[in-house]
Amino acid sequence: MRSIMKSSVAFVSFLFTTSTIASDQQPFQFEAMAAPSHTLPALPYAYDALEPHISAQIMELHHSKHHQTYVTNLNAAMKTQAEAVHTSDIPTQVSLQAAIKFNAGGHINHSLFWQNLAPASSPEAKPSSAPSLVSQIKSTWGDEAAFREAFKAALLGIQGSGWGWLVKVETGAEQRLAIVTTKDQDPVVGKGEVPIFGVDMWEHAYYLQYLNGKAAYVENIWNVINWKTAEERFLGTRADVFKLLKTSI
Amino acid sequence: MNSTMLRTSAARSALRAAAPKSSTRAGLAGTTFVRGKATLPDLSYDYGALEPAISGKIMELHHKNHHNTYVTSYNNFSTQLEEAKAKSDIAAQIALQPLINFHGGGHINHTLFWENLAPTNQGGGDPPTGKLAQAINESYGSLDSFKEKFNTALAGIQGSGWAWLVQDTQTGNVQIRTYANQDPVVGQFRPILGVDAWEHAYYLQYQNRKAEYFKAIWDVINWKAAEKRLK
């Protein structure tokens, strides 16, 4: 019974996000045990828009298959988690932590990643779209080239699957920039940490096009970094950055 | 300085020279290390020999590029480690440990992996016999049930890594264990059979459908090689 009710709640939330709400649709009310259902966010550009730097085939698989799988598995884990919370089943709640972190991390990381990429020919792909950020990059690393070298070294130093991020770290009134690498799908969600832009270093992010030549992928990704988004995240708060996740519930 | 140069040129000539087949099969304890340097072992089958389970293109890139990079990097960091030791630079030695683990592990894992695969016309996929078959049946009930649990373990790896059938050197029992990235099976456990779950091991052929790769690989598992590793 409960699982049927929960499924219908998930279905209603799916209808909401796809804007096909019937007028007599009941507003959705989550019971204590129900978990909201997350959905795959649409890309802000076409699959082939990042070519030749990232092929359409990679983008399509990456978005419609890989990201979708994180969303699907996150929803499944959250559903089980909600049941475990409802029944005060602590061991189950704890045992679900790894799956939630991995799949929620995958959903968060990819959602941020799509937004911090842009077609190479667009004005957003120019560092001049991020005057404040670039100014702090220069004062931190000396110049843009030195920053890119440091970022590249961090990305190529990842052992296994993971991500590289430019992060704004806020401590009280102070703020600084840092290059951070994370393993697997660990997201950048620490206190005071604002992810500015990320680069996916899982092999699925480049292998069909670059094979084992990941240095070339890391070189070419600079052509499609969305500096406008980066500037907005840099000037905004942590809550602003993660707002986009709420739109895909 | 001189010794470094000599070692480098020895490594290069060793990499270029095709090792005799017999020494390739001798494996880790054999001649994949020449004068203290690791060399890329030859495969005992052609790149295309594992098709359709694993494509020739995957095998070629995986062996010639990926495995070779682990060999080259391992040798490089190994040399740096010796230099740090010579200078009694403990901080540098410790800083090199993760790199030795990763690249040395990559070399060990791939060397064992190539050996525990075989084309179907050379015994690939033929079920285990003798002591190993018995150990698997005792622990998992049947070979099919073992494969199912092994594939579940493979699918559960979050990120890059390997799944291994290992033997516990303390109890002699066999069990399935997963390892992150290139962490090798060392210490308490002895590697019996490994499957590479890095995306580069299957992506060109299977893309995101990794479950299909895990299913297909059993057609080319060399159980005879696995049996020889069991003590």
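Nothing in this text is a laboratory measurement; each read-out follows from the coordinates by a stated rule. Predicted, not measured: the structure shown is a model, and the values here were computed from it. We place every Cβ from the backbone using ideal geometry, glycine too, and count neighbours over all the protein chains shown.
Couple of notes before you dig in:
- Trypsin sites (Lys or Arg not before Pro) restricted to region B:53-140 and DSSP loop, no more than 15 other C-beta within 10 Å: B:Lys87
- Extension gain, B:Ala92 to B:Asp144, is 14.0 nm, computed as 0.36 nm per intervening residue step minus the present C-alpha separation.
- Summarising the label geometry, the points placed 7 Å from Cα in the beta-carbon direction at A:Ala153 and B:Lys231 lie 4.3 nm from one another.
- Remark: A:His110, A:His53, B:His107, A:His86 ranked as A:His86, A:His53, A:His110, B:His107, counting other beta-carbon atoms within 10 Å and listing the fewest first.
- Estimated inter-spin distance, A:Ile249 and A:Gln57, nm [label 7 Å along Cα→Cβ]: 3.9 nm
- The calculated FRET efficiency for the pair B:Asn137 and A:Glu170, based on their C-beta separation and a Förster distance of 56 Å, comes to about 0.45.
- Distance between the C-alpha centres of region A:72-91 and region B:54-93: 43 Å, rounded to the whole angstrom.
- Model label sites at B:Thr171 and A:Asp143, defined 7 Å from Cα along the beta-carbon direction, differ in position by 6.2 nm.
- Using a Förster distance of 45 Å, the FRET efficiency for A:Ala178-A:Thr87 (Cβ separation, nearest 0.05): 0.60
- Within-13-Å neighbourhood charge of B:Pro184 [Cβ basis; K, R +1; D, E -1]: 0
- Net charge in the neighbourhood of A:Leu244 (other residues with Cβ under 14 Å of its Cβ; Lys, Arg +1, Asp, Glu -1) is +2.
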